[in-house]
Amino acid sequence: MFAKLSGKKMYDFIPLFYGAAAPQSVKFNTMAMTSFLICMLLFVAIGAASMMKRKTTTTDYLVAGRDVSPWLAALSAVATNNSGYMFIGMIGLTYTIGLSSIWLMLGWILGDFLASLLMMKKLRLVSEKYDLHSFGSLLAAWNGTHFDRLRQMTGLLTIVFLGAYAAAQFTAGSKALHLLFGWDIGVGALMGALMVLIYSYSGGIRASIWTDAAQSLVMMVAMVVLMIDAASSLGSMVEIHVALNAVTPTFMDWMPDRSAVGILLFIVGWVFAGFGVAGQPHIVVRYMALDHADNIQQFRYWYYSWFITFYLATIAVGLLSRLILPDAGSFDAELALPMMAQQLLPEAMVGFVLAGLFAATMSTADSLILSCSASLSRDLMPEKSVGYHATKGMTAIVVLVALWLSLSSEQSVFALVLIAWGLLAAAFVPLLMLYALNYQPTEISAILVMVTGVAVFFIWRMSGGSELVYELMPAMIAALAIYPLIPSRFRSLAPGFSKRN
């Protein structure tokens with residue numbers, strides 16, 4: 001999808017800083033480390049406190065009893081959706097290309113909003129109607145069906161790719177602490193895994209949602225504090241604007257440097273990326289946990305207000321970082337935020353900003369772990385055969401496997417992370433769209449739609465088509481286009497189909 005910029009593709013900046021080299025080792029003093037550790041302990045305490053409200057049922061453990069208030073579910077969804085790629089990848093991208101990075105935000109949020117309007121309320125209603133706890137069971141039972149093969153296939157994809165994604169989140173946190181505190185490379189992974197295990201095992205998705213909301217607040221405050229401090233150190237708004245325009249001739253251009261068709265594909269590709277939120281089990285479960293389907297509008301108000309504000313602050317920090325750290329060739333642009341924090345803020349606030357960065361990775365990791373636990377216990381095991389305590393045990397197993405992947409085979413994990421979002425969206429979103437539009441695909445046709453999306457995603461990526469447009473766009477279009485081509489006897493449920501109770 002992206003043109004080459006400064007010797008890199010935009011892809012190199014987006015997922016996280018997983019593969020980024022660390023040419024510098026920035027050391028902070030005891031005050032910074034203390035403020036960081038205090039924030040981490042606070043997150044664990046908040047997650048553990050969710051035990052006071054828990055019920056020893058699988059429904060409570062996996063979907064929080066479907067009684068989470070809209071604002072809480074929304075802040076959790078924002079934190080889960082915006083992992084370290086905002087603190088590291090998005091800031092690095094903006095530092096490198098300038099204002100035109102805003103189209104990533106506009107396209108992504110527009111696509112996210114369209115998915116919410118089309119699918120999310122219906123998704124919430126279906127999950128409650130059939131008492132569903134996992135993404136796989138949601139796809140398998142949407143029309144009152146009992147598609148075991150579809151459920152198992154969905155569960156397997158979820159575990160493989162979200163499990164790898166969770167491992168990479170642990171690695172990301174580990175690299176951050178290694179870079180900034182000089183700790184051993186495995187310390188951050190162990191710390192993150194232990195934190196996630198303590199509160200996720202204790203309170204399940206409710207603990208994840210509570211800590212995500214706290215982490216969302218820390219992420220927002222850290223970003224806004226850095227933005228305000230950077231701006232105040234650079235002078236007036238007029239002076240800042242003049243300085244930004246002087247960076248390069250195109251740094252403050254609104255449009256990327258490409259043809260009109262290229263610009264259109266660039267923007268539309270990101271709309272499809274945002275639309276892919278409906279295929280992310282770790283985000284969809286926030287909608288499933290919402291207290292009432294009629295509160296979806298309140299959820300949207302909180303979610304998009306917070307999402308847009310955080311995104312704008314991130315882009316502003318990325319722009320300002322180019323003025324604070326003008327020597328673009330001397331360091332990895334993805335390290336701009338921690339380097340800015342070190343240069344501008346008191347040591348205690350530096351630790352707080354690092355806590356925001358670390359919180360971003362952990363808020364995603366815990367959600368991924370619990371989504372994998374739900375898939376393992378509800379999608380791959382015989383339905384209703386795994387109880388509350390066994391489900392909790394599977395959470396511990398998933399954490400240990402993710403930690404092992406993080407510590408032992410990070411390169412393969414990183415390769416999977418780069419495609420996890422798009423792959424899951426390509427597999428699941430077209431089928432969800434058909435359901436939301438009141439189609440009733442058979443199990444065979446549902447699997448064909450899913451396989452087509454995945455296949456086209458890989459083919460487009462391997463053929464180099466991502467230079468033109470993000471591979472999720474052709475994958476979703478192909479998956480939807482294949483459905484009417486399926487012979488009618490295999491395409492839709494028979495008119496007399498009897499739905500299960």
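We did not get these values from a lab; they are worked out from the coordinates using the rules stated. This structure is a prediction, so every number in the text was calculated from the model and none was measured. We place every Cβ from the backbone using ideal geometry, glycine too, and count neighbours over all the protein chains shown.
Three principal axis extents describe the C-alpha atoms of segment 274-367; from largest down they are 50, 25, 21 Å. May I ask for log10 I(q)/I(0) of segment 136-207 at q = 0.17, 0.23 Å⁻¹, from a Debye sum over the Cα atoms as equal point scatterers with solvent left out? Scattering profile of segment 136-207, log10 relative to I(0): -0.76, -0.96. Sorting I459, I419, I159 by the number of Cβ atoms found within 10 Å of their own Cβ, with the fewest placed first, yields I459, I419, I159. Note on W254 and A390: the model spin-label points, each 7 Å out from Cα along the C-beta direction, lie 5.8 nm apart. Working ranking of peptides 467-474, 233-240 by packing, defined as the average number of other Cβ atoms within 10 Å per residue, highest first, is 467-474, 233-240.
As a proxy for reagent exposure, ranking V454, V353, V284 by other Cβ atoms within 10 Å from fewest up yields V454, V284, V353.
Starting from the 7 Å offset along Cα-to-Cβ, what nm value, one decimal, do you get for the label separation of L42 and A481? Distance between the two pseudo-spin positions: 5.1 nm.
Zone of T57 (label point 7 Å along Cα→Cβ, backbone N under 20 Å): which residues in segment 257-291? Answer for this model: 285-291. Taking Cα atoms, how many degrees apart are the long axis of helix 347-374 and the longest axis of the chain, rounded to 10 and kept between 0 and 90? For 347-374 against the chain, the angle is about 10 degrees. Restricting attention to the chain, the count of lysine pairs at 8 or more positions apart or across chains with alpha carbons under 19 Å apart stands at 10. The angle between the Cα long axis of helix 410-436 and the main principal axis of the chain comes to about 50°, on a 0 to 90 degree scale.
Can I get the semi-axes of the chain's equivalent ellipsoid? Compute them from the C-alpha gyration tensor as square roots of 5 times the eigenvalues, in angstrom, largest first. Before the final figure, lay out the partial values.
Numbers: eigenvalues 265, 148, 73 Å².
Here the semi-axes work out to 36, 27, 19 Å.
Provide K129, K121, K53 in ascending order of the number of other Cβ atoms located within 10 Å of each residue's Cβ, fewest first. Let's see the in-between values first.
On the way: K129 11, K121 20, K53 14.
Sorted ascending by nearby Cβ count, the order is K129, K53, K121.
Can you tell me the 0 to 90 degree angle between the C-alpha axis of helix 443-462 and the longest principal axis of the chain, rounded to 10? For helix 443-462, the angle is close to 30 degrees.
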